[in-house]
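K.L.:
What follows is a structure written as structure tokens; I'll ask about it next.
Since every read-out is calculated from the coordinates, none of them should be taken as a lab result. Given the structure is predicted, the values throughout are model-derived calculations rather than measurements. When we count neighbours, we look across all protein chains shown, and the Cβ atoms used for this are built from the backbone with ideal geometry, even at glycine.
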Amino acid sequence: MFRIHPRVQGVNSKLIDLYQKVDPSTIGHMTDFGFLKGLKPLYRPIKFAGNAVTVRIPHMDSTAVHKAMDFVEPGDVIVVDMSGDEQRSCWGGMVSYAAKAKQVAGVIVSGCINDVPEILELNLPIFSLGISPLTTRILGIEGEINTTVSVSGTSISPGDLIVASDDGVFAINPKDAEQYARTAIEKQDAEIEMKRQVDEGVSLASLSGADKYFSK
């Protein structure tokens, strides 16, 4: 059975602009939740942020991935949940070409990808678990579009904000995203002054507060 739910526009341009200045690893100082652990970028440097359009497929049937191309809009991030299949590729050159034509911001796959030279030529930003010549097929078994999915143990809902950089990928509900972004930007700005003081010979441990744990 196939289920298609309406596309959700949860992310606005203000959030996208904010997160152009934020790295997921800075958010990592604030929370353990929302990180898509184990995913790797196809290439570096890489950086994107966008609105999640989600797809869930049953291992070897990628019918829903192809159909999802009808629903994406410029700036979206396609998130594919492969139901635990880490050996098979559901994403290759043709679907990459379609995604690039739709001007997606990036792609997240909880399995493998293939047709690497074609994807690199398109310069399509993509994170996955790896590369595999064993692919999915158009079988028409089942799939879901714009539903809550699970990637690396993290739940991602349609319209969530996806943020990716060389360090990895972070997903967050847009309602909480602005607070995290502003705190992250403050931390990043503060590091400029910390580096200046390190250059002057000030101890990093004294600046970070680590010293207090050694004073007893």
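K.L.:
Restricting attention to segment 1-20, which residues are more than 13 Å from Val77 (Cβ to Cβ), surrounded by 14 or more Cβ atoms within 10 Å (Cβ to Cβ) and in contact with a helix residue (DSSP H, G or I) (Cβ under 7 Å, 6 or more places away or on another chain)?
P.N.:
Correct list: Leu18 only.
K.L.:
Which numbered condition in (1) of a type outside the set (A, V, I, L, M); (2) touching a residue at least 40 places away in the same chain (Cβ under 8 Å); (3) touching a Pro at 6+ places or on another chain (Cβ under 7 Å); (4) within 20 Å of Gly130 (Cβ to Cβ) is the only one that Tyr43 fails?
P.N.:
So the condition that Tyr43 fails would be (3).
K.L.:
Please enumerate the residues belonging to segment 86-116 that are within 12 Å of Met69 (Cβ to Cβ), surrounded by 19 or more Cβ atoms within 10 Å (Cβ to Cβ) and of a type in the set (A, V, I, L, M, F, W, C).
P.N.:
Trp91, Val95, Ala99, Val104, Val107, listed by residue number.
K.L.:
Quick one: in segment 81-94, which of the residues that are out of contact with any helix residue (DSSP H, G or I) (no Cβ under 6 Å at 6 or more places or on another chain) and among the hydrophobic types (A, V, I, L, M, F, W, C) is nearest to Ala49 (Cα to Cα)? Even if it seems obvious, please write down each step before you answer.
P.N.:
The first filter runs over segment 81-94 and keeps only residues out of contact with any helix residue (DSSP H, G or I) (no Cβ under 6 Å at 6 or more places or on another chain), leaving 81-89, 91-92, 94.
Still in the running and among the hydrophobic types (A, V, I, L, M, F, W, C): 82, 91, 94.
On the way: Met82: 22, Trp91: 20, Met94: 23 Å.
Taking the candidates together, the pick is Trp91.
Per-residue answers, yes or no, for (1) of a type in the set (Lys, Arg); (2) within 18 Å of the chain's Cα centre (by Cα); (3) part of a helix (DSSP H, G or I):
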{"site": "Ile119", "(1), (2), (3)": "no, yes, yes"}
{"site": "Leu124", "(1), (2), (3)": "no, yes, no"}
{"site": "Phe127", "(1), (2), (3)": "no, yes, no"}
{"site": "Pro133", "(1), (2), (3)": "no, no, no"}
{"site": "Leu139", "(1), (2), (3)": "no, no, no"}
{"site": "Glu144", "(1), (2), (3)": "no, no, no"}
{"site": "Thr147", "(1), (2), (3)": "no, yes, no"}
{"site": "Ser150", "(1), (2), (3)": "no, yes, no"}
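K.L.:
Let me ask something else. Looking at (1) under 24 Å from Phe2 (Cα atoms); (2) buried (at least 16 other Cβ atoms within 10 Å of the Cβ); (3) of a type in the set (A, V, I, L, M), which is the only condition Ile119 fails?
P.N.:
It fails just one condition, (1).
K.L.:
What number goes with the only condition from (1) surrounded by fewer than 16 Cβ atoms within 10 Å (Cβ to Cβ); (2) on the phi < 0 side of the Ramachandran plot; (3) of a type in the set (S, T, N, Q) that Thr135 does not pass?
P.N.:
Among (1) surrounded by fewer than 16 Cβ atoms within 10 Å (Cβ to Cβ); (2) on the phi < 0 side of the Ramachandran plot; (3) of a type in the set (S, T, N, Q), the lone unmet condition for Thr135 is (1).
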